[in-house]
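Structure first, then comments.
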Amino acid sequence: MAASATSLADDLAPPSRRFSLLTAIRRNPTIAFGGILLLLLVFMAVFAPLIATHDPLRITPVNRLRPPSERWWFGTDQFGRDVFSRTVYGARVSLIVGLSVAAFSSLLGLALGLACGYFRRVDAVVMRVMDGLMAIPSILLAIALITLTRPGLGIVIVAIVIPEVPRIVRVVRAVVLSIRAQPYIESAIAGGTRNLKLLLRHVLPNTLAPLIVQSTYVCASAMLIEAGLSFLGAGVPPEVPSWGNIIAQGRTFFQIAPWTILIPGAFLAVTVLAVNLLGDGLRDRLDPRLARRL
Amino acid sequence: MTALLEVRDLHTQFNTLDGVVRAVDGVSFDLSRGETLGIVGESGCGKSVTALSILRLIPAETGRIASGSIRFDGRELTGLDEEAMKRLRGHHISMIFQEPMTSLNPVLTVGTQIAENVVRHLGVPWKAGRERAYEMLGLVRIADARRRLDEYPHQLSGGMRQRVMIAMALSCDPQVLIADEPTTALDVTIQAQILDLMLELKEKTGTAIVLITHDLGVVAETTERVVVMYAGRKVEEAPVEALFERPLHPYTVGLMRAIPRLDVEADIAGKRPRLQEIPGLVPILTRPIIGCAFAARCPLATGRCRTEAPPFVDAGGGHTVACWEVAP
Amino acid sequence: MTAYIVRRLFATLPVMAVVALFVFFLLRFAPGDPAAIIAGDDATAESIAAVRVKLGLDRPVVEQFGVWLWDLMRGDMGVSIFSNLPVTRLIAQRVEPTLALSLSTLLVAVALAIPIGVVAAWKARKLVDRVVMGFAVLGFAMPVFVLAYVLIYFFAVQWQLLPVQGYRPIGEGFWPFVECLILPSVALGVTYMALIARITRASMLEVLQQDYIRTANAKGLATDRVLLLHALKNAAVPIVTVIGIGIALLISGVVITETVFNIPGLGRLTVDAVLKRDYPIVQGLILVFAAAKVLVNLIIDISYAFLDPRIRY
């Protein structure tokens, strides 16, 4: 009897407050793995000028199509440009596009989602538009927008944000609707609480977790779309070293110089993987109900 | 004559994050042909786990039968391979569960769910299976049975769903029917109907029933013999009249006293008696229990009770009890 | 049941309406002067004006919309700026390879991914499950064109088992037709398979926890019947939903895959049109792809009624 009393007291005591990084990593391996990988890539992108061995834009025809060696770690392409340096700089484009698309679409999606969840008339109109947008495959939508404007990084970002917004709107709207249905909100409204206060205190905090998770997936998706667009020649201008561009330019001589495609491709795959893992890990952590499902 | 079902010193354990839970800690009982046995006890005492253990339905990742013997019709079940167990389930030993709402598959018709049992175990063609399903629906008194065969569970009421479960369970004429809290989730009036139905069917088919419940009222109405369980152990066993007339184990006594009674005169006199509860909490099952499981909450407990587990003593007339103080 | 189908059919109309409006207004509201951009950097004032006429931008907006919509109803999607050929004809010419590629990918992906997901759920947390899910995570992150090139490098260049690129219509023989489609289908299908396998596993896991599965086991039914009939049928709705959502992935991927493998389908047509800024073709393709996607989703909506009787009644 005494033994069980002690254990009960132990259970009720507050947990230790010291935060141990190692324990955090052990408990959340996916977040840790994805996060670390991503940090390495960000590091590579930010310090590209220091890491790159050559000038990524410099054309030296005499050194064309060299296989990887001590001098050119990843070999050279058909213009004699160092693939390693171009790959390192390519990280910049992918990360900038991925992160800005995630940020902008999240903000826009949050605003629209909240409006939809709250105001029925807005909901009816906006959701129809979102359904319509979702009917158009994202690459095509982006392509259509790009066809009509001058090429540039900004345009690419906008063109990718538009097809990604509906996904976020849906998630935010779902959260808002489910919270509004809760009895305590009904009583708060009946008690005269102002809409804005309700929004900020009750609704908004609950949207943050799913929003963050979705935006990591949007980031991964944006990186893939940007690379796809650049690959098709409809993305960032060809002089700018984007992984998609590098791969596109490697097409003609792929059979004799596969490194020009396979290496930037591997980097792209790893980056997207890292972001996806981060998203999965965050989802498991922030929304355990969903974790049990997926 | 050997009993139909013999459970001897059954130990079933679960592996949890907090340690090994001894859900069934040495339970033994017999079930004779055609008998209705009640297993009664509060939530968490191990009665459902005992039932699942008999049919070996404990998921392997979570728990296992650590030791003990379960003999059905002379055959030992604990070492039997899975294929042989599957032939037994639904055919010789059937089980029905507490929640009729969720225990039936929502995307399959009632007829399919009954017929597939018959086809599987009796090897008959599908048409014959459906005919049998129709018969069974009639047996459990479901009106308009032809139409009901092609309906889905969500189109039926709770009471009807439980009838379907019973029909399904009895479709292959099993020798044992294990009913795990079959009426707990139903309205009181429906409860009475279902219990009457079960008894009536038992008369007709001669199936032995193991009725698991926490409701002493149900036990009094339907069973012939009762096993009382506490903290994974059996504490008392008796024919039902004997148990109610002369409960021996302090836990059983406490249970009886805890039943609210309608005492109209006391009410009028303004002297409504207090509900007697059993003080204390159920012991944590992750630690081995030394001595009597009930000792911590027992008004009669002595030092011996806390150190030595009492054996089962025959108190006459098929009434056995495990208590140092009551039956030395 | 028919009422349900009719309702779903009508629900597609607003969506197509939005797509049509969007496509229409995109041209008119794009920043800058689309006619100038399409005409090119070194265009003269006359050529820009000519392009504007071709795009119909010289008439009032409402009239433009009416004319455009009317033409659309009659199957006229305009004329290519550069080749002067009707867009409808251009699209019809290129449909077959895209259809072949899409269907083969869909079939292969679904046929492989669902069993994989079922097995992974059945043997949850054991080695098989972890390996399968590991591949699923990788597969989902892999960009289509990277995978395509990896496959080409090994299967076509190094080991020379399959052709590097190209397309043979089925008229030229069954094996050449299949041969050319294997690598593109795999490249396109992997991401799709990863998605489907994951959701199959997740949905099955949830279903296997349900009480009715316990009942099925208590009846002593055979394992494959429990898994495939009792469990999978209940797990089907989310799986089928994801198959529908994945069609968008498929369509996006088709554009890239056809470019990599040099398949003369609608994807290649899209790329050519984009590079030449031949907007009428891009517009027509968007409408066609969107319609295809809406149609697929309609089929999926209708299938829900067959899978889950609670929706029907």
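Read-outs: derived from the displayed coordinates by stated rules, not from any lab. Bear in mind that the values here come from a model prediction, so they are computed numbers and not experimental data. Glycine gets a Cβ as well: all are built from the backbone with ideal geometry, and neighbour counts include every protein chain shown.
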(request) Would you calculate the separation in nanometres between label points at B:D81 and B:D173, each defined as 7 Å from the Cα along the Cα-to-beta-carbon direction? (result) 2.9
(message) Modelling each spin label as a point 7 Å along the Cα-to-Cβ direction, I'd like the C:A124/B:A269 distance in nm, to one decimal.
(response) 5.9
(message) Using a 7 Å offset from the Cα along the Cα-to-Cβ direction at both C:K233 and B:D144, what is the distance between the two label points in nm, to one decimal?
(response) 2.2
(request) Rank the residues A:I157, C:I152, C:I311 as a footprinting-exposure proxy: fewest other Cβ atoms within 10 Å of their Cβ go first. (result) C:I311, A:I157, C:I152
(message) List the residues, sorted by chain then number, that are 5 or more residues from B:S67 or on another chain and whose placed amide H is less than 5 Å from its amide H.
(response) B:H11
(request) Once you have the Kirkwood Rh of the protein assembly as shown from its Cα pairs, apply Stokes-Einstein at 25 °C and 0.890 mPa s and quote D in µm²/s. (result) 74
(request) Rank the residues C:K54, C:K123, B:K47 as a footprinting-exposure proxy: fewest other Cβ atoms within 10 Å of their Cβ go first. (result) C:K123, C:K54, B:K47
(message) For chain C, take N as its residue count and report Rg(C-alpha) divided by 2.2 N^0.38 Å.
(response) 1.20
(request) Just subtract the alpha-carbon distance of C:Q165 and C:D272 from 0.36 nm times their residue separation and send over the number in nm, one decimal. (result) 36.8 nm
(request) Could you please report the charge total around C:Y212, scoring K, R as +1 and D, E as -1 over all other residues with beta-carbon less than 14 angstrom from its beta-carbon? (result) +1
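So which helices of chain A fit the span-like rule, where a helix is a whole DSSP H run, its Cα atoms reach 15 Å or more along the axis, and its mean Kyte-Doolittle is at least -1.0?
Long hydrophobic helices here: A:2-12, A:29-46, A:83-118, A:120-135, A:153-180, A:204-232, A:259-286.
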(request) About the Cα centre of the stretch B:169-286, how large is the charge dipole given +1 on each Lys and Arg Cβ and -1 on each Asp and Glu Cβ? Please answer in debye to the nearest 20. (result) 500
(request) Count, for each residue of A:228-236, the Cβ atoms from other chains sitting within 10 Å of its Cβ, then give me the mean as a whole number. (result) 4
(request) For helix B:110-122, report the angle its Cα long axis makes with the longest principal axis of the Cα atoms of chain B; keep it between 0 and 90° and round to the nearest 10°. (result) 90
(request) Name the long-range amide H neighbours of B:K234: under 5 Å, sequence gap of 5 or more, or other chain; modelled H, no Pro or chain starts. (result) B:S28
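Near C:E179, within a Cβ-to-Cβ distance under 13 Å, what is the net charge of the other residues, with Lys and Arg +1 and Asp and Glu -1?
Values: positive: C:R168; negative: C:E172.
Result for the local shell: 0.
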(message) For chain C, take the longest principal axis of its alpha carbons; what is the angle in degrees between that and the long axis of helix C:266-276, to the nearest 10 within 0 to 90?
(response) 40
(request) Just give me a number: lysine pairs in chain B, eight or more positions apart or cross-chain, with C-alpha atoms less than 24 Å apart. (result) 5
(request) Quick one: check the C-alpha center-to-center distance for the stretch B:280-326 versus the stretch C:117-189, whole angstrom. (result) 66
(request) At 0.36 nm per residue, minus the direct Cα-Cα distance, what do C:L112 and C:L138 gain on full extension? Give it in nm, one decimal, please. (result) 7.7 nm
(request) For the stretch C:124-141, just list the computed ³J(HN,Hα) in residue order, Karplus coefficients 6.51, -1.76 and 1.60, θ = phi - 60°, integers in Hz, with x standing in for Gly and Pro. (result) 4, 6, 8, 4, 3, 4, 5, 4, 4, 5, x, 5, 5, 5, 4, x, 6, 7
(request) Assuming R0 = 30 Å, can you tell me the calculated FRET efficiency for the pair B:V20 and B:R257, based on Cβ-Cβ distance, to the nearest 0.05? (result) 0.35
(request) Choose one of A:V175, A:Y89, A:H202: the residue whose Cα lies farthest towards the positive end of the charge dipole of chain A (beta-carbon charges +1 Lys, Arg; -1 Asp, Glu; about the Cα centre). (result) A:H202
(request) Calculate, for A:L65 and A:I36, the FRET efficiency according to 1/(1 + (r/R0)^6) with r their C-beta to C-beta distance and R0 30 Å; round to the nearest 0.05. (result) 0.30
(message) Could you work out how much longer the chain between B:L122 and B:K204 gets when fully extended? Use 0.36 nm per residue separation minus the Cα distance between them, nm to one decimal.
(response) 27.5 nm
(message) On C-alpha positions alone, give me the angle between the axis of helix C:174-208 and the longest principal axis of chain C, in degrees, nearest 10.
(response) 50
(request) Order the peptides A:190-199, A:107-116, C:253-262, C:75-84 from the highest to the lowest mean number of other Cβ atoms within 10 Å of their residues. (result) C:253-262, A:107-116, C:75-84, A:190-199
(request) Compute the separation of the alpha-carbon centres of the stretch B:49-104 and the stretch A:92-111 and state it in Å as a whole number. (result) 55
(request) Could you pull out every residue, at least 5 positions away or on a different chain, whose amide H is within less than 5 Å of the one on B:V24? Hs are placed 1.01 Å off N in the peptide plane, and Pro or chain starts have none. (result) B:T12
(request) For the stretch B:154-167, take each phi angle, set θ = phi - 60°, evaluate the Karplus expression 6.51 cos²θ - 1.76 cosθ + 1.60, and give the result in whole Hz per residue in order, putting x for glycine and proline. (result) 5, 8, 10, 7, x, x, 5, 5, 5, 4, 4, 4, 5, 4
(message) Give me B:L122, C:L250 sorted ascending by neighbouring Cβ count inside 10 Å, so fewest comes first.
(response) B:L122, C:L250
